[in-house]
1. So the check is Cβ under 8 Å with 6+ separation or different chains; which pairs have a first residue in segment 40-68 that's charged (D, E, K, R) and a second one that's surrounded by fewer than 15 Cβ atoms within 10 Å (Cβ to Cβ) and outside any helix (DSSP H, G or I)?
2. What are the residues in segment 80-94 that are of a type outside the set (A, V, I, L, M, F, W, C) and surrounded by 13 or more Cβ atoms within 10 Å (Cβ to Cβ), if any?
3. Do we find that SER36 is of a type in the set (Ser, Thr, Tyr), more than 12 Å from the chain's Cα centre (by Cα) and surrounded by fewer than 18 Cβ atoms within 10 Å (Cβ to Cβ) in this structure?
4. Looking at segment 70-96 only, could you name the residues that are among the small types (Gly, Ala, Ser) and farther than 20 Å from LEU137 by Cβ?
5. Determine the pairs where a residue that is closer than 27 Å to ASP18 by Cα and at pLDDT 85 or above, located within segment 170-199, has a partner that is surrounded by fewer than 11 Cβ atoms within 10 Å (Cβ to Cβ) and of a type in the set (S, T, N, Q) with Cβ atoms under 9 Å apart, the partner being 6 or more residues away or on another chain.
6. Condition test on THR80, is it among the polar types (S, T, N, Q), in contact (Cβ under 8 Å) with a residue 12 or more places away in the chain, in contact with a strand residue (DSSP E or B) (Cβ under 7 Å, 6 or more places away or on another chain) and over 19 Å from LEU7 (Cα atoms)?
7. Counting only residues that are modelled with pLDDT under 85 and β-branched (Val, Ile, Thr), which one in segment 94-135 is nearest to SER69 (Cα to Cα)?
8. Quick check: anything in segment 142-162 at pLDDT 95 or above and either among the aliphatic types (A, V, I, L, M) or loosely packed, with under 13 Cβ neighbours inside 10 Å (or both)?
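The values are calculated or read from the model by the stated rules, or taken from the named source; none is laboratory data. Just so it is clear, the structure is predicted and the values come from calculations on it, not from any experiment. Virtual Cβ from ideal backbone geometry, glycine too; neighbours counted across all protein chains shown.
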Amino acid sequence: MSKEAKLFLFVGNHPCLDLINTQLMVKGEPRDLLESFDDLSSWLRQAKLLTASQANIAQVHLNDEEAVSLLERAKTFRSTLRVIAERVAAGKPVPDSAVDTTNQFLAQRTGYTELVRSKEGFTRRFHSLATRQVELLAPLLESASDLLSSGRVCLIKKCANAACILYFLDTTKNHTRNWCSMQMCGNRMKVAAHYRRSRRKASP
C-alpha cells in the first residue's frame, strides 16, 4: 500500500483523539501510523483539518528539514494529548506540564483578528503571522483548545479492551460506550466473555 493510500482510524469522535489513535496495537505489537510527513499530510486531509490544496501547497513549499520538523512537532503534541487522555480516562487530574506544553504550542500561532465584509455585513477572520509549519497544525491546535475548554473532557474514555490503546469521546446518550468500535474490539470481547461463561458452566 502506498503512503498516499494509507487509511487511518477515525473512531475517536474528535480530531485530537484520532491523532492519538495514530498509535495503535497490531497483532500485539505497537505501530505508529505517522511514519513520514506524507503520512501526516494524508492524516490531516482525512481528518478534514486541511484541504487537498492546502496540503499540496505545504508539500511544495516545505523543504525536507521543515517537513521532518513538522512531523516531530505533531508527534510531540500527540504525546501531550495522550498524557491528557490517559489521565482523564483514569479519573486523574491533568498534569500542569501537559497544559503548559499545549499552551506553548498555541502560543506559536501568532496573528490578529480582522473584520472582513460579507453579504451579512462583517465577519471575523484570523490573519496568521505564524510560520507555515505552525499554521499547518493550527486547526489541530484550535481543536485541542476547544475540547479542553468545552467541559466535555470528562467524556474521554479508553477502549475497554485491555489490549487496545485507542481513545474516544463518548457522545452516546447515556455515555455507555465501552469500545473503540464494535468491529475491532466490541464483538471480539463479547465473544471472549461468552466463551469464558460457557467454559465455567461446562466445568464439573
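1. Close Cβ pairs (under 8 Å, with a partner that is surrounded by fewer than 15 Cβ atoms within 10 Å (Cβ to Cβ) and outside any helix (DSSP H, G or I)) amount to ARG45/THR51.
2. THR80, ARG82, GLU86, ARG87, listed by residue number.
3. Considered against the rule, which asks whether it is of a type in the set (Ser, Thr, Tyr), more than 12 Å from the chain's Cα centre (by Cα) and surrounded by fewer than 18 Cβ atoms within 10 Å (Cβ to Cβ), SER36 comes out as yes.
4. Those that are among the small types (Gly, Ala, Ser) and farther than 20 Å from LEU137 by Cβ: ALA89, ALA90, GLY91.
5. Pairs that qualify, where the first residue is closer than 27 Å to ASP18 by Cα and at pLDDT 85 or above and the partner is surrounded by fewer than 11 Cβ atoms within 10 Å (Cβ to Cβ) and of a type in the set (S, T, N, Q), are ASP170/THR176.
6. No: the conditions fail for THR80.
7. The residue in question is VAL134.
8. Yes, segment 142-162 contains a residue that is at pLDDT 95 or above and either among the aliphatic types (A, V, I, L, M) or loosely packed, with under 13 Cβ neighbours inside 10 Å (or both).
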